[in-house]
Amino acid sequence: MASKITVGLVLSVLGLGVALAPTLIYLIALGTPLGDALAVEVIPSVPIYLLLSMAGVPPSLIGAYTFRKGVRELVASQILESRLAEAEGAVSLKGVVREAPAMSVGPKQSQQATAGRTSAPSPSVRSAPPARQSNSSPPAPVTKQFSVKTRSEWKVCPQCGQSAELQADSCGYCGYVFPKSHADSCPVCGAPLSYARRISGNLYACGICFSELVKVAS
């Protein structure tokens with residue numbers, strides 16, 4: 001990209017020099033045999049020095065086009081680098097990884113659990129099984145190999161570095177389809193555990209959502 005900018009500048013300068021040189025020489029040599037020779041009209045109303053000046057137009061146009069293309073490529077690469085840096089900063093500085101909230105048991109729930117353990121059901125009356133609670137959204141994939149230590153709120157596209165919601169099936173910027181696994185998968189985003197990276201000991205990080213996972217001893 002920088003080479004295209006340099007080549008474009010060089011061609012533009014050379015073309016401009018070729019275009020201006022014959023006219024300057026004609027003006028300097030005006031009234032001399034050289035000036036008279038340059039003033040000869042090869043084509044009606046078109047002298048020789050003007051024809052020579054036209055030779056500098058093509059390299060000037062080519063140089064301007066090459067320079068413009070190089071500048072566009074340079075700007076595009078800088079925009080891409082800034083977006084990747086923003087994505088990395090969002091992962092590391094904006095709290096993408098958060099600690100999973102600890103489940104608290106209230107006094108009423110504790111009393112109910114104690115009563116359920118101490119009181120035995122009558123042999124003549126059988127208690128009905130508890131009704132299942134319906135959930136409108138499907139539960140996140142659960143794996144027996146890892147437990148969640150810190151939970152992320154976003155996925156990060158491994159192709160372009162843009163952030164996406166955990167429920168997104170593909171990247172909204174480049175269209176990359178996020179991998180999913182129903183067997184061994186990340187409990188947060190459902191990505192295969194093959195994308196997880198070991199940090200230290202039994203601590204791993206998902207390669208798609210960057211949640212911290214702890215390996216459970218089998």
Has the range 57-76 got any residue that is modelled with pLDDT of 50 or more, over 20 Å from L9 (Cα atoms), polar (S, T, N, Q) and over 29 Å from the mean Cα position of the chain (by Cα)?
no
Considering each residue of the range 174-192, count those that are in contact with an Asp or Glu (Cβ under 8 Å, 6 or more places away or on another chain) and more than 18 Å from Q159 (Cα to Cα), and give that number.
0
Return the residues of the range 173-188 that are of a type outside the set (G, A, S), modelled with pLDDT under 90 and exposed (fewer than 14 other Cβ atoms within 10 Å of the Cβ); say none if nothing qualifies.
H182
For the range 22-37, which residues satisfy the criterion of being closer than 21 Å to S60 by Cβ and free of Cβ contacts under 8 Å to residues at least 24 places away in the same chain?
L24, Y26, L27
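The values are calculated or read from the model by the stated rules, or taken from the named source; none is laboratory data. All values reported here derive from a predicted model rather than from experimental measurement. In this analysis, Cβ positions are derived from the backbone assuming ideal geometry, glycine residues included, and neighbour counts consider all displayed protein chains.
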